[in-house]
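Asker: This is the structure, below, for whatever I ask next.
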Amino acid sequence: MRETVIFKTFGLPHTCSYIDFNPAKEIGAILLPLFSFPMTIFLILAHYRNQLVYVNDPQNGEAKKLYKFSRFATYFSVIVIQLTHLWFVNDPQESYPKAVGFVGHYIPYALFQTALVVIAMMQEWLFLSS
């Protein structure tokens, strides 16, 4: 594990270190749709829930801000969640033309983490505006 690009970059084992190699990589790629499709459905329904909270109480300033934020954050989150499979496709150990390498592997992972933070923010914002 100490020989991987991830370990050399960060100096410690990273989440990617455990799923970058087969059979974990293959199993993770197979199971990913069991997360990504339900999460996408949740995000779309959560956006409509945010809209409903605002429509039912138009005087609630926080609900209005949440709805406006949700209109953009939902698109971002759905796109990122649906592109998370690139995390498994791009091997950090490989280089062009076989793969994009570390950058192509880490960008989907970093965006996935960012999307999770955005989703958590929307959920907390909903709790505070209700």
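Asker: For region 58-88, name all the residues that are aliphatic (A, V, I, L, M) and either farther than 30 Å from residue 25 by Cα or surrounded by 14 or more Cβ atoms within 10 Å (Cβ to Cβ) (or both). Break it down stepwise before answering.
Answerer: Going through region 58-88, the residues aliphatic (A, V, I, L, M) turn out to be 63, 66, 73, 78-81, 83, 86.
Matches in region 58-88: 63, 66, 73, 78, 80, 81, 83, 86.
Asker: So, of the residues in region 36-54 that are more than 14 Å from the chain's Cα centre (by Cα) and aromatic (Phe, Trp, Tyr), which turns out to be nearest to residue 108 (Cα to Cα)?
Answerer: Per the stated criteria, the residue is 48.
Asker: Report whether or not residue 96 is of a type in the set (Phe, Trp, Tyr), modelled with pLDDT of 95 or more and open to solvent by 90 Å² or more (accessible area, probe 1.4 Å).
Answerer: Numbers: of a type in the set (Phe, Trp, Tyr): yes; modelled with pLDDT of 95 or more: no; open to solvent by 90 Å² or more (accessible area, probe 1.4 Å): yes.
So residue 96 fails the test.
Asker: Something else: So which residues in region 107-130 are open to solvent by 60 Å² or more (accessible area, probe 1.4 Å), among the hydroxyl-bearing types (Ser, Thr, Tyr) and over 18 Å from residue 67 (Cα atoms), if there are any at all?
Answerer: 114
Asker: Looking at region 37-130, what helices (runs of 4 or more DSSP H) fall wholly within it and have at least 3 residues that are farther than 30 Å from residue 8 by Cβ, in contact (Cβ under 8 Å) with a residue 60 or more places away in the chain and in contact with a Ser or Thr (Cβ under 8 Å, 6 or more places away or on another chain)?
Answerer: 61-82
The values are calculated or read from the model by the stated rules, or taken from the named source; none is laboratory data. Owing to the predicted nature of the structure, the values given are computational and were not obtained by experimental measurement. All Cβ positions, even for glycine, are placed from backbone atoms using ideal geometry, and neighbour counts span all protein chains on display. Keep in mind that these areas ignore ligands, DNA and RNA; they rest on the heavy atoms of the full protein, side chains included. Shrake-Rupley method; radii C 1.70, N 1.55, O 1.52, S 1.80 Å.
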